[in-house]
1. Counting only Cα atoms, I'd like the Rg/Rh figure for the chain, Kirkwood definition for Rh.
2. Using 7 Å Cα-to-Cβ label points, what is the L58/L8 separation (nm, one decimal)?
3. Can you list which of the trypsin sites (Lys or Arg not before Pro) found in segment 1-66 are DSSP loop residues with at most 11 other C-beta atoms within 10 Å?
4. Loop-only chymotrypsin sites (Phe, Trp or Tyr not before Pro) in the chain, please: DSSP not H, G, I, E or B, and at most 14 other Cβ atoms within 10 Å.
5. What are the membrane-span-like helices in the chain by this rule: whole DSSP H runs, Cα extent along the axis at least 15 Å, mean Kyte-Doolittle hydropathy at least 1.6?
6. What number, rounded to the nearest 500 deg cm²/dmol, is the helix-based mean residue ellipticity at 222 nm of the chain, given -39500 (n - 2.57) per DSSP H run of at least four residues and division by all its residues?
Amino acid sequence: MRNFFRLLLTGKDNQTYEIARVLMFSGFLSFVAFAAYDVFWAHHFDPVSYSAGLTGILFGGSGGVAVKANTEPESKNDNP
């Protein structure tokens, strides 16, 4: 499980943690947690608003990762 999160949150070299990926992951977890709180305690859920908010988080985060992609360190295994 630790390897899964390391691969999810690091760049091309699988060693350097990227702040954009970490923030996107924490934003995703908090969004899901707040939606669960709203469902269980307020008994209210709007799937259209939920999907729009989740799409915004993931689209913005993936855009940040794409902009930063050319500055990532190369893996030692990529060089021939």
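Here, each number is a calculation from the coordinates, and none is a lab measurement. Predicted model only: the values in this text are computed from it and were never measured. Here the Cβ is made from the backbone with ideal geometry for all residues, glycine too, and neighbour counts use every protein chain on show.
1. That ratio equals 1.12.
2. Between L58 and L8, the simple spin-label model gives 1.3 nm.
3. Qualifying residues, ordered by number: none.
4. Taking the chain and a limit of 14 other Cβ atoms within 10 Å, the loop chymotrypsin sites (Phe, Trp or Tyr not before Pro) found are F45.
5. 19-37
6. Numbers: 3 runs with 48 residues, N = 80.
Calculated mean residue ellipticity at 222 nm is -20000 deg cm²/dmol.
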